[in-house]
């Protein structure tokens, strides 16, 4: 990309143009796993934003002292510590959601977006841009998560954030929730549709 | 006929580029080539291409003809089951047929309107000819669904399958999985209450106010459904409580999806497809062999944990959608394996997997749909292995001679 890297592009590019999910196709596994309902998807998105931003800052701070040969291990230790903090916080203040998310909070450690950002950005940039980059990518990830979860919860359960959206009269008239929407394969198809729309709008991304 | 031809020739210019209705060019072209074989042939410079007079549209028409016996029998059977459910003792032939016709025709219309609509629109967007691939899909889909499936679900499933199983891959001839089965799988996983169980396989409502009324809360499961929910060895019963024998399953006057119950009619369809060489006998034969083998293995190790293992291998062939799936779905030339050796493997595994799912997963009383879809996905891999084995063999022959 010939574009000049400024703090602004670092923060806003991942929202759409360089979105980690629909452009770089990273972090797909958690998109499949946590998007059956909107609430866990939002909590998951916030957790990833927090972990990504702070791990970027920490790695960026110590980037010159990390020996190259063990840098992945160091990154993992930082990410793992942050994930444990997030996980404990969730257990303390949002227990129900943390039960719903179960293992997937722990699996943020293996989220490809994190390692990708640490390797590609935090290891080569100063803390403030690294922080913006972490927030930007986390928000980009969260946007997709929320869109997918919105459609899956609306069509799969007829609710949003647990509130009934599709009125009972629809069900009486013969409407029925789509059970496939609750199953992970449909998340892939919804993501595919988002990519489809996204590339139709941004023609320069088409291969 | 020549009047029709003249009429088409007269209105044709309006659909050419620059004409008034050029936006509908692919629609016109689709109908014209459906009605008349195109007169254009490949130029002499393409002499390597051997052109049969039976193009894909003519082949599709033959498949439709092969489906007709099942379709008419499905109409009769729908009426027959409805009359049985209403407790009737007389079964007037024409009333049964009329009831079945009224019950199925809205579904056929809905699938065709939705499917062809999407097909026409996408052909027009791509500036391509319309491929008549949906002609067969549109009639098969209502035939493999329970007769009481709501119309809007059918429309949603058709749209989903045509868009995601076919158009995104490039349209007719490029789909990797069978479109009708994708639609059925979508229905099955999305709306399980309407696709399985004991409430849907017999039409209980009147069709446009026609036919006798049936008591509310009437239930009757398909034979395979009954077996899956029963523990241990069980007798399968029809609506009136009589036992369903192997012969009944062969004739087909049993509850089930619209077009799949009668093995006789499916065999007539198979004969038409084989005589015209549209379907592959290798796939059919090996699928039956696979099902018989797996049925025999399951039957010889029958256990009450898996009630379907008490079925004899012959019953495995006759009950449920297996026969229909093997004759009309597995042999779909687009999604099946293409090499001859590959077809043996492909068909055999469909038979084995269908009986496996049916027997060892009580949650899915019918495995034929999932077996065909799974093998659709593996067909290119099977072909790849067959082709590379052939290459290796030829290379070895060459080097040993040299």
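Every number here is computed from the coordinates shown, using simple stated rules; none is lab data. The structure presented is a predicted model; accordingly, all values stated were derived computationally and were not measured. Every residue, glycine among them, receives a Cβ derived from its backbone with ideal geometry; neighbour counts consider all protein chains shown.
Table for the structure above
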quantity: Taking segment B:58-387 and dividing mean pair separation by its residue count, relative contact order in percent (alpha carbons under 8 Å, at least six apart); calculated: 19 percent
quantity: Relative packing of peptides B:385-395, B:116-126, B:336-346 - highest average C-beta neighbours within 10 Å first; calculated: B:336-346, B:116-126, B:385-395
quantity: Chain A, relative contact order [Cα under 8 Å, separation at least 6], %; calculated: 35 percent
quantity: Peptide-level mean, for A:110-116, of C-beta atoms on other protein chains within 10 Å; calculated: 0
quantity: Burial ranking of peptide ranges B:322-334, A:142-154, A:61-73 (average Cβ count within 10 Å, highest at the top); calculated: B:322-334, A:142-154, A:61-73
quantity: Distribution of pairwise C-alpha distances over segment B:58-387, 10 Å bins, in %; calculated: 6, 27, 36, 23, 7, 1
quantity: Length-normalised contact order of segment B:265-394 in % [C-alpha pairs under 8 Å, at least 6 apart]; calculated: 29 percent
quantity: Average beta carbon contacts from partner chains per residue of A:172-180, 10 Å cutoff; calculated: 5
quantity: Cα gyration tensor, segment B:334-402 - rounded (a/c under 1.5), prolate or oblate; calculated: prolate
quantity: C-alpha center-to-center spacing [segment B:368-385, segment B:156-173] in angstrom; calculated: 18 Å
quantity: Computed Rg/Rh of the protein assembly as shown, alpha carbon atoms with Kirkwood Rh; calculated: 1.03
quantity: Average beta carbon contacts from partner chains per residue of A:183-190, 10 Å cutoff; calculated: 1
quantity: Pair-distance profile P(r), taking every C-alpha pair of chain A, with 5 angstrom steps and integer %; calculated: 1, 8, 15, 17, 17, 15, 11, 7, 4, 2, 1, 0, 0, 0
quantity: Cα centroid separation - segment A:21-35 against segment A:123-151, whole Å; calculated: 13 Å
quantity: Spin-label model distance (nm) - residue B:296 vs residue B:312, 7 Å beyond Cα toward Cβ; calculated: 1.4 nm
quantity: MRE, 222 nm, helices only [DSSP H, n ≥ 4, -39500 (n - 2.57), over chain A, to nearest 500]; calculated: -21000 deg cm²/dmol
